[in-house]
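A short write-up of the structure that comes next.
The values are calculated or read from the model by the stated rules, or taken from the named source; none is laboratory data. Everything numeric here is computed off the predicted structure, so don't read it as measured data. Here Cβ is always computed from backbone atoms with ideal geometry, including for glycine, and neighbour counts include all displayed protein chains.
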Amino acid sequence: MATRLPSPPRVGMVSLGCPKNLVDSERILTQLRADGYHMSPDYAGADVVLVNTCGFLDSAKEESLEAIGEAIAENGRVIVTGCMGKEADVIRARFPNVLAITGAHEYEQVVEAVHEAAPANLSPYIDLVPDAGLKLTPRHYSYLKISEGCNHRCSFCIIPSLRGDLASRRPDAILREAEKLVAAGTRELLVISQDTSAYGLDLRHAAYPLKGGGEVRAHMTDLARELGRIAPWVRLHYVYPYPHVDQVIPLMAEGLVLPYLDIPFQHAAPNVLRAMKRPANDAKVLARLRGWREICPDIAIRSTFVVGFPGETEADFEYLLEWLDEAQLDRVGAFRFEPVEGASANALPNPVPEEVKEERYARIMVKTAAISAAKLQAKIGRTFDVIIDAVGDEGATGRSYADAPEIDGEVHLRDAGHLAEGDIVRVAIEDADEHDLFGVPLAD
Ligand code: SF4
């Protein structure tokens, strides 16, 4: 008689917040798959729903609470994890029926809570975990987390109190994960952490043996070089402009790492940077950018800025606008300052009135959109490699080296219906608008 397979319990997942949280969700789901669970795409089919929350800003906390409320209303059996796990009393006060609450990166506890809520029926016949785990991102790109926590104490940020000081992963373990991801179809690795340039400091940049012989230092440059040998595209996020970052630029010029750096400058005016307690805020940043462009002329720099930080004067803001004219950044995201519960910046004097914040926000958006548009116009007539994210009947959408998924622009292709997701193709750029490029793939 044939073995009757028990039907596996099903887990629903709502993942909020930043790419780092998404990586956590992937890890949790990977473990649950290994334990015999299946995923449910909707509330109705789930035996239990996991909500992975974000607690970075007050607005994100509210969004997390709303998501928990929705999951309770739709399903009723809810486990909460992620950054808001630190505020279990707030969650319990609003939703006393939540089954369990765990904090960020408490993978084992979350998995245990799921086991308790919906016991698994592991079957060797049906439960196989793909080598690279179960992914929430499309197969062709993956986030690769290289460290947790942060040694800085920026005055507007509560991440160090939520996640602790810098704790780097061993470089050999990171490389093994990268190999698995590439073997499972990843073509672009997005390296993430709170401060990628600080990677390995806590490990004293020690060297670790590599599987095939040789060794690798726990250092950003060495790690970037090795990752560049594993994956076709490697993109570095959350890098600060420390002098040692200069060593990564030749790797970009060589084509080992994408000529792209995501540097959250947040401001340029010395007074504001001091009040923000930002790392690497010396006056030599513009000179450093010039030096990088000499070695790697096409390097794309992405950044984010906060306007309306307490004490920011009109002169500080104008300094920032002039600095942006000089810096000619490729991609810029701007935010109006928002106090986060527990951040020391909340106690700073001279808060900026809301209407002034709005006005400055509008001005910085106009400025950075104009710079971006001019930089994109200059790409018309040139050719670039593009990674394909989506294919339609006739066209396709992808991204160039200058575009990280979800946060930057896109390249829209005509006559590209024959392409597949994850292909990297050479494209002739024919047109541009403020954020996106338009082009056609070149014949092989
Ligand atoms: S560098 Fe500053 S903003 Fe970034 S995580 Fe660390 S403390 Fe927060």
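Results for (1) at pLDDT 85 or above; (2) in a loop (DSSP other than H, G, I, E, B), shown as yes or no for each residue.
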| residue | (1), (2) |
| --- | --- |
| Thr3 | no, yes |
| Val14 | yes, no |
| Gly17 | no, yes |
| Asp24 | no, no |
| Leu29 | no, no |
| Arg33 | no, no |
| Gly36 | no, yes |
| Gly45 | yes, yes |
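Out of (1) farther than 18 Å from Arg169 by Cβ; (2) more than 16 Å from the ligand (Cβ to nearest atom), the odd one out for Ile263 is which?
Failing condition for Ile263: (2).
Only residues that are within 11 Å of Tyr199 (Cα to Cα) and either more than 16 Å from the ligand (Cβ to nearest atom) or not in a strand (DSSP E or B) (or both): list them for region 141-150, please.
Hits for region 141-150 are Ile146, Gly149, Cys150.
Are any of the residues in region 331-345 within 23 Å of Trp292 (Cα to Cα) and of a type outside the set (A, V, I, L, M)?
yes
Select from region 173-199 the residues that are in contact with a strand residue (DSSP E or B) (Cβ under 6 Å, 6 or more places away or on another chain) and within 16 Å of the ligand (Cβ to nearest atom) and write down the one among them that is farthest from Pro405 (Cα to Cα).
The qualifying residue farthest from Pro405 (Cα to Cα) is Tyr199.
Any residue at all in region 229-240 that's more than 15 Å from the ligand (Cβ to nearest atom), farther than 26 Å from Ile158 by Cα and in contact with a Ser or Thr (Cβ under 8 Å, 6 or more places away or on another chain)?
yes
Can you tell me which residues in region 155-172 are in contact with a Cys (Cβ under 9 Å, 6 or more places away or on another chain), in a helix (DSSP H, G or I) and more than 9 Å from the ligand (Cβ to nearest atom)?
Listed by number, the list holds a single entry, Leu162.
If Tyr43 passes every condition in (1) over 30 Å from Ala345 (Cβ atoms); (2) buried (at least 22 other Cβ atoms within 10 Å of the Cβ) but one, which one does it miss?
Only one criterion in (1) over 30 Å from Ala345 (Cβ atoms); (2) buried (at least 22 other Cβ atoms within 10 Å of the Cβ) is unmet by Tyr43, namely (2).
Can you tell me which residue in region 345-359 is nearest to the chain's Cα centre (by Cα), limited to those that are hydrophobic (A, V, I, L, M, F, W, C) and either surrounded by 11 or more Cβ atoms within 10 Å (Cβ to Cβ) or in a loop (DSSP other than H, G, I, E, B) (or both)? Full working, then the answer.
Step one: of region 345-359, the residues hydrophobic (A, V, I, L, M, F, W, C) are 345, 347-348, 352, 356.
Still in the list and also either surrounded by 11 or more Cβ atoms within 10 Å (Cβ to Cβ) or in a loop (DSSP other than H, G, I, E, B) (or both): 345, 348, 352, 356.
Values: Ala345: 24, Leu348: 29, Val352: 29, Val356: 30 Å.
Looking at the filtered set, the residue picked out is Ala345.
Can you find a residue in region 326-344 that is part of a helix (DSSP H, G or I), in the same structural domain as Asp298 (by TED's automatic domain parsing), hydrophobic (A, V, I, L, M, F, W, C) and under 17 Å from Met276 (Cβ atoms)? Give the derivation first.
Of all residues in region 326-344, those part of a helix (DSSP H, G or I) come to 326-327, 344.
Checking which are in the same structural domain as Asp298 (by TED's automatic domain parsing) leaves us with 326-327, 344.
Pick out the ones that are also hydrophobic (A, V, I, L, M, F, W, C) and you get 327.
Filter again for under 17 Å from Met276 (Cβ atoms), leaving none.
Checked region 326-344: no residue is part of a helix (DSSP H, G or I), in the same structural domain as Asp298 (by TED's automatic domain parsing), hydrophobic (A, V, I, L, M, F, W, C) and under 17 Å from Met276 (Cβ atoms).
Could you figure out which of (1) away from the ligand (no atom under 16 Å from the Cβ); (2) farther than 28 Å from Glu406 by Cβ; (3) without any contact (Cβ under 8 Å) to a residue 40 or more places away in the chain; (4) not small (Gly, Ala, Ser) isn't true of Arg293?
(2)
Please find, among Ala224, Ala207, Ala218, Ala231, the residue that is farther than 21 Å from Leu166 by Cβ and of a type outside the set (Phe, Trp, Tyr). I'd like the intermediate steps shown before the answer.
Working: Ala224 fails: farther than 21 Å from Leu166 by Cβ; Ala207 fails: farther than 21 Å from Leu166 by Cβ; Ala218 fails: farther than 21 Å from Leu166 by Cβ.
Just one listed residue meets the conditions, Ala231.
Checking Glu421 against (1) outside any loop (DSSP other than H, G, I, E, B); (2) in contact with a His (Cβ under 7 Å, 6 or more places away or on another chain): exactly one of these is not met. Which one?
Exception for Glu421: condition (1).
Out of Val248, Val216, I need the residue that is part of a strand (DSSP E or B), crowded, with 16+ Cβ neighbours inside 10 Å and β-branched (Val, Ile, Thr). Which one?
Working: Val248 fails: part of a strand (DSSP E or B).
Exactly one of Val248, Val216 is part of a strand (DSSP E or B), crowded, with 16+ Cβ neighbours inside 10 Å and β-branched (Val, Ile, Thr), namely Val216.
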